[in-house]
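Let me begin by presenting the structure, written as C-alpha cells, before commenting on it.
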Amino acid sequence: MKLFSNKGRLRLKGHKHLTSDVPVRELDLKKVPFVYFPLLANNAKPITPLVKEGDLVKKGTRIALREHMYVPVYSSVSGKVVANKVMFNPGLGRPCPHLVIENDFKNEEEKKALKVLKDNPTKEEIVEAIKEAGIVGLGGAGFPTWIKYNGVKDIEFILINAVECEPFLTTDYVTTITNAKELIEGALLLKRAADASKVVIAIKKDKEAAIKALNQELTNYQDIELRLVPDAYPMGWERTLVEQVFKRTYNNLPSECHVVVDNSQTAFAVYRALKEGKPITERLLTISGEPELIKDPANILVPVGTPVSVVLAEFDINQDKPLMVLNGGPMTSTALRTLEVATTAPSGGYTIVKPIKQRVDNCLRCGECTYSCPAGLQPVEIKQAFEARDYERLENLCVTKCVECGICSYVCPSGIELTDTMKRAKSLVWLRQAQQQKKEK
Ligand code: SF4
Ligand code: SF4
C-alpha cells in the first residue's frame, strides 16, 4: 500500500530489515577466477586499456583510463591480463569489449597505488588526488567526483547523502555504521576541496544504529552536523534532499545554491584513497529480494569486476521459481538480461523479484503520474510526445529533467510502464541535440 507523504514523495516499504543487521560477508577470492572491466563507459565514451595481453598486474595497478572526464581504473586482483571479452554492459545497454584479468589468487597489492596526501593539503591537491584515484559517485550515478570540485566557487555546504531511499539496498547504512570516522574524515576533505564552511550529513530518521555511530564520532569534530530527514521516496535524490535540508532550489546543479552533494560511500572512498593510498578495488553489494526467492540475503564485499553470476552463486536462491534479477533496487533499476555482467564501482546491489506480469489498461487521464513526479514533469504527455516522435514537444516538456525515479510507473493505476519511456525519450532528445550541435559546427 502506498501513502503519500506529500506531492512528489512516497512512503514505500523499505525491506531494509532483510539485510541491515545481517553480518557482512566477504566473497572468497578463490571463487573469482576472472574479473572484467568494460572498455566503453555508460555514455559510450571509450576507456583505453593501459595494459596488454600477458602483462602481470597487482591489486591497485592502474589498468585503464577513461579519457573523457579523466577516470583511471585500477585492477581489483593480482594476476595476468588475458584476451578481451565481449560482455553485456547494463550501464551502456548493450555488449562491449571488457578487459579481463585472470586472478593468480596471490592477492598481491601495489605498495604505492596512490600517493597519500600530506597534512593540510590545498584544495587543488585534494581535487588532483581525487582525480588520480578515479573516484566516481558511489550512489549509483558514477559521475567523476573531481569534476564537481574542480574550480568550484562560493560553496557554503557539502551535503553528504546517507539517505539510501531505494528499497532493499543497505550498503550506505552498513558502511556508515562500520566506518563512521572515515566517512566523516572523507567529508571534511571534500569540504576543504570546495572551500566550504560546513558539512551536513543527511540520513533518514529511522536509521538508528547509523545515527548513533555518527553521533559518537561527531563529538570530536567541528563544522559538521547531522540532519535527520523523513522516510520518504525519493528523499535521496539530490534535488529533493537539498530542498529538504536547506529549503533551497536550483535549475541544473546544486552548486547554483552553494551546495555540493556527495554520497556517503563516496566520502568514505575519498578517505581511503587520499589517506590510505587505496583506490576503489572492492565494492559492498546488497544481495536481497523477496523472501520466497532468496533465503539468505546479506551485504557482501566483492572485488570490482566480479561477474554477477559468481556473486549470486554464494546465495541460496530458489531456482525452481520464476524470478528476475534487478540491477539495483526495484524503483530505479532494470532487469538483467544475463548474469554474465561485471559488477562496477557504482553498483549498489542486486534484487531478486518475481517477474512482473502487469495488466495494462488504457490511460485514465487521472493525473496521478503528474501529481506524483518529484521533478514536476508530465509523464503521460511525454509518453504521447515520444510515441509521436514530437521532439520539440519533448524538449518543451523538459524530459531531460527526469531522474528515472520510477514513481510514475509505480503510481499508475493502469499499469502503464512510464519510466522506461521517460528513459528512452531522454536518450532521443540528447541524441538529437548532439546531432544538431554536430551540424552547427
Ligand atoms: S521517472 Fe521521471 S517522469 Fe517518472 S516520476 Fe520519476 S522523475 Fe518523474
Ligand atoms: S497515472 Fe497512468 S492512468 Fe493516470 S494519467 Fe498517468 S499514465 Fe494515465
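The values are calculated or read from the model by the stated rules, or taken from the named source; none is laboratory data. Keep in mind that this is a model prediction, so the values were computed, not measured. When we count neighbours, we look across all protein chains shown, and the Cβ atoms used for this are built from the backbone with ideal geometry, even at glycine. When the accessible area is computed, the model is the full protein with side chains, heavy atoms only, and any ligands, DNA or RNA have been set aside. Shrake-Rupley method; radii C 1.70, N 1.55, O 1.52, S 1.80 Å.
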Practice item. Treating each Cα of region 315-423 as an identical point scatterer and ignoring solvent, apply the Debye formula and state log10 I(q)/I(0) at q = 0.13, 0.20 Å⁻¹. Key: -0.59, -1.08
**Study point:** Signed unit charges on C-beta, dipole axis of the chain, positive-most listed residue Gly406, Leu183, Val311
**Key:** Gly406
Study note, to complete from the structure: Note to self: Kirkwood Rh of region 368-440, Cα pairs, one decimal, Å, is 12.3
**Study point:** Area accessible to solvent at Thr249, 1.4 Å probe radius, in Å²
**Key:** 100
Check your understanding: What whole-number value in cubic angstrom gives the convex hull volume per residue for the C-alpha atoms of region 154-219?
Key -> 87
Review point. Considering only protein heavy atoms and a 1.4 Å probe, what is the carbon-and-sulfur percentage of the accessible area of region 302-362?
Key: 48
**Study point:** Surface share of carbon and sulfur [accessible, 1.4 angstrom probe, percent] for region 368-440
**Key:** 45
Review point. How far, in nm, would the chain grow between Asp316 and Asn84 when pulled straight, counting 0.36 nm per residue and subtracting the alpha carbon separation?
Key: 80.4 nm
Review point. Per residue of the chain, what 222 nm ellipticity follows from adding -39500 (n - 2.57) for every DSSP H run with n ≥ 4, rounded to the nearest 500?
Key: -8500 deg cm²/dmol
Point to revise | Solution diffusion estimate, µm²/s, Stokes-Einstein, region 1-148, Kirkwood Rh from C-alpha pairs, 25 °C, viscosity 0.890 mPa s | key: 136
Check your understanding: Are there cysteines in the chain with no other Cys C-beta under 4.7 Å, and if so, which?
Key -> Cys96, Cys165, Cys257, Cys363, Cys366, Cys373, Cys398, Cys402, Cys405, Cys412
**Study point:** Gain in span if fully extended, Lys106 to Lys52, counting 0.36 nm per residue against the direct Cα distance
**Key:** 17.4 nm
Exercise for review: For an R0 of 45 angstrom, estimate the FRET efficiency from the Cβ-Cβ distance between Arg393 and Glu292 and round to the nearest 0.05.
Suggested key: 0.55
Point to revise | Arg337 versus Lys115: modelled label distance in nm, points set 7 Å from Cα along the beta carbon direction | key: 4.4
Exercise for review: Find the Rg to Rh ratio for the chain, where Rh is the Kirkwood radius over alpha-carbon pairs and Rg uses the same atoms.
Suggested key: 0.95
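Would you mind getting the Kirkwood hydrodynamic radius of region 34-101 from its Cα pairs, rounded to one decimal in Å? Before the final figure, lay out the partial values.
On the way: mean 1/r = 0.0841 Å⁻¹.
It is 11.9 Å.
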Review point. Relative to the present Cα-Cα distance, how much length would full extension add between Asp28 and Asp223 at 0.36 nm per residue of separation?
Key: 66.2 nm
Study note, to complete from the structure: For Ala298, the residues 5 or more places away or on another chain with a placed amide H closer than 5 Å to its own amide H are Ile287
**Study point:** Residue-normalised accessible area of the chain, expressed per residue, 1.4 Å probe, Å²
**Key:** 48
Revision key, fill the gap. With all protein chains present, region 212-260 has a carbon and sulfur share of its accessible area (1.4 Å probe) in percent of 42
Review point. Taking the chain as a Gaussian network, where each spring joins two C-alpha atoms under 10 Å apart, which residue of Asp119, Asp55, Asp206 fluctuates the most?
Key: Asp119
Practice item. Name the residue, out of Ala209, Ala388, Ala345, whose mean-square fluctuation peaks in a Gaussian network model built on the chain with Cα pairs under 10 Å. Key: Ala388
